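The structure appears right after this line, and notes come after that.
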Amino acid sequence: MKIAFVGKGGSGKTTLSSLFIRHLAATAQPVVAVDADINQHLGPALGLDEAEAAALPALGEHLPLVKDYLRGTNPRIASADTMIKTTPPGAGSRLLRVRENNPVYDACARPVELDGGAVRLMVTGPFTDADLGVSCYHSKTGAVELCLNHLVDGRDEFVVVDMTAGSDSFASGMFTRFDITFLVAEPTRKGVSVYRQYKEYARDFGVVLKVVGNKVRDQDDLDFLRAEVGDDLLVTVRHSDWVRAMEKGRPPRFELLEDVNRRALRMLEIAADATYGLRDWERYTQQMVHFHLKNARSWGNERTGADLAAQVDPGFVLDESVTASA
């Protein structure tokens, strides 16, 4: 299952995504965790120290390798240089699977040991001073989008992406790449503003959106969220001494997380599992092609000097059955 955590800056989405990743790892489920946030805090939230987090390989720095591997023998892609972040797979493309070993994971992923197991962690890389004035953060997340386009995951396999704050993912089609999106919202007007943006933008794309209320202190906070987001409110998360200890660099064993918050994480897993039966791979592929053609017309053709519409394989549908032959 492909899962996104989104929300405004400071909402607690990185903390919540890290807790969910720990919850999945504690039940020995395979997880690929991806930090696609501009602030790159997922590694430390999973227990890495500053030096370990800084040493993680950046996906953006390995983009040529990623493109070359995913291109495979696809005859519709003339060269890796003509691949852009929205390039869809076709016959001959190499696909990524959660459980496998491959050159992309070898170069760009690192195992993170948690007290319940281990996960693969991938990071986009930080937005540095060298990027100012010459690039935008979407160029950093392009490698993530390209990997998601070529990813085939099955039941009980999880890809958890900590997205950049706000509604930036709507600058491309990446918001349609997930089985479910958890929007972390505080019980404030600003806290629910990103929810309204997501709800409006995603309305026509079949995006499954659920709200996780964070920093909820009392019944008044809960009533506010229910009034603002209605049935999209899935669960709320309470104050956590475990999280406070983790933020100080001294996390207790994960099994000591408060029962109320453990139940909340289980609710997230149940909601994610429920979306498996709703999967429509044909629609998923069509949306991929839709955004690729849109990006090709707006900037891709000019930048690459190629007609990127020719990369679309009209007979190809990405689903679990194509992994063996692709």
Express in whole angstrom the spacing between the alpha-carbon centres of the stretch 254-326 and the stretch 24-90.
14
Provide Rg over Rh for the stretch 231-298; use the alpha carbon set for both Rg and the Kirkwood Rh (inverse mean inverse pair distance).
1.24
Solvent exposure, largest accessible area first (probe 1.4 Å, DNA, RNA and ligands not counted), of THR275, THR188
THR188, THR275
Kindly work out what percent of the DSSP beta bridges joining two residues of the chain are antiparallel, to the nearest 5.
15
Please compute the per residue accessible area over the chain with all protein chains in place, 1.4 Å probe, rounded to a whole number of Å².
45
Paired Rg and Dmax values of the chain, which use every Cα atom, in angstrom:
19.3, 59
Can you tell me the dipole magnitude for the stretch 192-254 around its Cα centre, using point charges on the Cβ only (Lys, Arg +1; Asp, Glu -1), in Debye to the nearest 20?
440
Explain nothing, just the number: dipole magnitude of the stretch 207-296 about its Cα centre with +1 on each Lys and Arg Cβ and -1 on each Asp and Glu Cβ, in debye rounded to the nearest 20.
400
Report, to the nearest whole %, how much of the accessible area of the chain belongs to carbon and sulfur atoms, 1.4 Å probe, protein only.
49
Students often check this: by mean Cβ neighbours within 10 Å, which of 82-89, 42-49, 152-159 ranks highest, and how do the rest follow?
82-89, 42-49, 152-159
What residues qualify as long-range amide H neighbours of ALA33, i.e. H under 5 Å apart, gap of 5 or more or another chain, H built at 1.01 Å from N?
ARG120, LEU121, MET122, VAL160
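Once the mean 1/r over all distinct Cα pairs of the stretch 187-326 is inverted, what Kirkwood radius in angstroms do you read off? List each step's numbers first, then the result.
Details: mean 1/r = 0.0526 Å⁻¹.
About 19.0 Å, per the Kirkwood formula over Cα pairs.
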Under a Gaussian network model of the chain whose springs join Cα atoms within less than 10 Å, the largest fluctuation of SER93, SER17, SER79 belongs to SER79
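If you take the alpha carbon radius of gyration of the stretch 172-221 and divide it by 2.2 N^0.38 Å, what ratio comes out, to two decimals?
Numbers: Rg = 12.2 Å, N = 50, 2.2 N^0.38 = 9.7 Å.
Here the Cα radius of gyration is 1.25 times the empirical estimate.
Filter LYS215/LYS294; LYS13/LYS248; LYS85/LYS248; LYS2/LYS85; LYS190/LYS210; LYS85/LYS190 down to the pairs with a C-alpha to C-alpha distance above 27 Å, please. Let's see the in-between values first.
Numbers: LYS215/LYS294 39 Å; LYS13/LYS248 18 Å; LYS85/LYS248 37 Å; LYS2/LYS85 18 Å; LYS190/LYS210 17 Å; LYS85/LYS190 31 Å.
Pairs exceeding the cut-off: LYS215/LYS294; LYS85/LYS248; LYS85/LYS190.
The values are calculated or read from the model by the stated rules, or taken from the named source; none is laboratory data. Remember, predicted model here, so these are calculated numbers, not experimental data. Positions of Cβ are backbone-derived with ideal geometry, glycine not excepted, and every protein chain shown enters the neighbour counts. For accessibility, only protein heavy atoms count, side chains too; no ligands or nucleic acids. Shrake-Rupley method; radii C 1.70, N 1.55, O 1.52, S 1.80 Å.
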